[in-house]
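The values are calculated or read from the model by the stated rules, or taken from the named source; none is laboratory data. Here the structure is a predicted model, which is why all the values come from computation and not from measurement. Using ideal geometry, Cβ is built from the backbone for each residue, glycine included, and neighbour counts are taken over all protein chains shown. Heavy atoms of the whole protein, side chains included, go into the accessibility calculation; ligands, DNA and RNA do not. Shrake-Rupley method; radii C 1.70, N 1.55, O 1.52, S 1.80 Å.
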Amino acid sequence: MLALKELKSLGTGYTFAKPLTLYVKEGQLACLTVENGNAFLAAIMARMPADGYISIDSERITPRTIHVMKSCMGYLPEQLPRDGITVDELVDMFFDSEAGIDDYSRSMLIREWTALGVDRSVANRQLGKLSSAELRKVCLSMLGVTKRAVILVDNPTKDMEPDDRQRVAEYLRQLAADDRLVVAATTDEYIIDKSDVVLK
């Protein structure tokens, strides 16, 4: 379970209009439609709250424990890399493998791409040559393969057409159904409709 209780401000000086409290358990998709929901996700990843608390499975996230907690979390930020590397190179970096990912993980990644409507031909393309929507789906698929228990996604359907938005919403729902906990900062109605918990 992910618990965020009475967050009023972040260490960056940003103050929420009202204290935010959210409880999400495994198997649930939560949607943050609040203003600056992305700052909320960043607070979870960086442990920046100036007040309130964040915990995973009743273990409070603190500056001392954040590195352990991050090992069970996956995060898709709104701003994605656009360097001069290929999708394959990004995948290898993500999976921290100089030799490339193993065949099983590669087949799992291709399966995730298919579910998200990503063509296999993107593997050799430069990130800068992909549309924002394609790159977002590629990065989301990598989170799906890692089997992280907690997945945080910031504006996952940005720059997407309705068909892709619906695919991504279904994909997030499926990730949660795989006994994971998924939190999306978005105002996309497709995702809101699939969510178990909506924080407005």
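Among the residues of region 161-186, write down those that are more than 25 Å from Arg106 (Cβ to Cβ) and either at pLDDT below 95 or open to solvent by less than 40 Å² (accessible area, probe 1.4 Å) (or both). Answer for region 161-186, where residues must be more than 25 Å from Arg106 (Cβ to Cβ) and either at pLDDT below 95 or open to solvent by less than 40 Å² (accessible area, probe 1.4 Å) (or both): Ala169, Leu181, Val183, Ala184, Ala185, Thr186.
Scanning region 14-35 for residues that are over 17 Å from Asp196 (Cβ atoms) and either open to solvent by 60 Å² or more (accessible area, probe 1.4 Å) or among the hydroxyl-bearing types (Ser, Thr, Tyr) (or both) yields Tyr14, Thr15, Ala17, Lys18, Pro19, Glu35. One residue stands out in region 100-120 among those that are surrounded by fewer than 12 Cβ atoms within 10 Å (Cβ to Cβ) and within 22 Å of Ser71 (Cα to Cα): the one that is modelled with the lowest pLDDT, namely Asp102.
Among the residues of region 36-45, which ones are open to solvent by less than 50 Å² (accessible area, probe 1.4 Å) and farther than 21 Å from Asp193 by Cβ?
Of everything in region 36-45, those that are open to solvent by less than 50 Å² (accessible area, probe 1.4 Å) and farther than 21 Å from Asp193 by Cβ turn out to be Ala39, Ala42, Ala43, Ile44, Met45.
I'd like to know if region 145-158 contains one or more residues that are part of a helix (DSSP H, G or I) and either open to solvent by 80 Å² or more (accessible area, probe 1.4 Å) or touching a strand residue (DSSP E or B) at 6+ places or on another chain (Cβ under 7 Å) (or both). For region 145-158, residues part of a helix (DSSP H, G or I) and either open to solvent by 80 Å² or more (accessible area, probe 1.4 Å) or touching a strand residue (DSSP E or B) at 6+ places or on another chain (Cβ under 7 Å) (or both): present. The single residue among Lys70, Lys137 that is touching a helix residue (DSSP H, G or I) at 6+ places or on another chain (Cβ under 9 Å) and more than 18 Å from Glu170 (Cα to Cα) turns out to be Lys70.
Please go through region 121-132 and give me each residue that is open to solvent by less than 10 Å² (accessible area, probe 1.4 Å) and part of a helix (DSSP H, G or I), ordered by number. Val122, Leu127, listed by residue number.
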